[in-house]
Amino acid sequence: MAKEEYAIHIPIQQYHPNELTDIERIWVDEAIAAAKKAYAPYSRFQVGAAVVLADGQIVTGSNQENAAYPSGLCAERVALFYAGARYPDIPVKAIVIVACRDGIIQKPTAPCGACRQVMLETERRYRHQIQIILYGSDTVYEIASAESLLPLAFDADLRSNEQFFAINN
Ligand code: THU
């Protein structure tokens, strides 16, 4: 078989914060408030996540660090796992991520690989796309689905999810 090169296209909308809709502004403000409550004495990098559920409820989280560094957790997973624990039957429809260090960071902060993996499984679990808003104070990135942020994702999870849905639905 001849070698072929494939390019993966990731659609990202880039815009200025003043183009956010009113409801998105509310979500962003929740994420900023969450970031300010982060427990980040080691990195001094405060991250806030606002998870928006399909019924409009907002669940927030912030990064929680620990002296045993790997024991800490990112803001996104704090919020997504709390949403999963508290409202297991309600799909997630959006997540806003914002970071602060001496004020809100100007450029968008992208989620780490582990958080992308969790976002993707949340999306597949509820069969509901998650709108991802990466907020920076001078630039916003918006991605329509967690699927595009994790191309070539591990696929055994997908098969087990499909079996899970075949059994549970
Ligand atoms: N962090 C997050 O909370 N979310 C991300 O997407 C990237 C990193 C946290 C982990 C750690 O507490 C701090 O930011 C510095 O890496």
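The values are calculated or read from the model by the stated rules, or taken from the named source; none is laboratory data. This is a predicted model, so every value here is computed, not measured. Heads up, the Cβs are rebuilt from the backbone with ideal geometry, glycines too, and the neighbour counts pull from every protein chain shown. Just the protein is used for accessible areas: all its heavy atoms, side chains included, with ligands, DNA and RNA removed. Shrake-Rupley method; radii C 1.70, N 1.55, O 1.52, S 1.80 Å.
Heavy-atom accessible surface of the chain, averaged per residue, reaches 58 Å², computed with a 1.4 Å probe. Leaving out ligands, DNA and RNA, what percent of the accessible area of the stretch 1-130 is carbon and sulfur, probe 1.4 Å? Of all accessible area on the stretch 1-130, carbon and sulfur atoms account for 51 percent. Modelled spin-label separation between A85 and Y6, with each label point placed 7 Å from Cα along the Cα-to-Cβ direction: 3.8 nm. Could you give the length gained by full extension between Y69 and Y15, i.e. 0.36 nm per residue of separation minus their alpha carbon distance, to one decimal place? Roughly 16.0 nm would be gained on extension. Rounded to the nearest 20 debye, the dipole magnitude of the chain is 420 debye, with +1 charges on Lys and Arg beta carbons, -1 on Asp and Glu beta carbons, and the Cα centre as origin.
Where the alpha-carbon atoms of the chain are placed on the principal axes, they occupy 51, 39, 38 Å, in descending order. Considering only I26, I97, I132, the Gaussian network model of the chain with Cα springs below 10 Å gives its largest mean-square fluctuation to I26. For the pair T139 and R44, a Förster radius of 35 Å applied to the C-beta separation gives a FRET efficiency near 0.95, rounded to the nearest 0.05. Bridging of K107 to lysines at a Cα separation below 25 Å is possible for K36, K37, K93, once same-chain residues fewer than 8 apart are set aside.
The length gained on full extension between A156 and A33, counted as 0.36 nm times the residue separation minus their Cα-Cα distance, comes to 40.6 nm. Most fluctuating residue of F81, F45, F154 in a GNM of the chain with Cα springs under 10 Å: which is it? Taking springs between Cα atoms under 10 Å, the residue moving most is F154.
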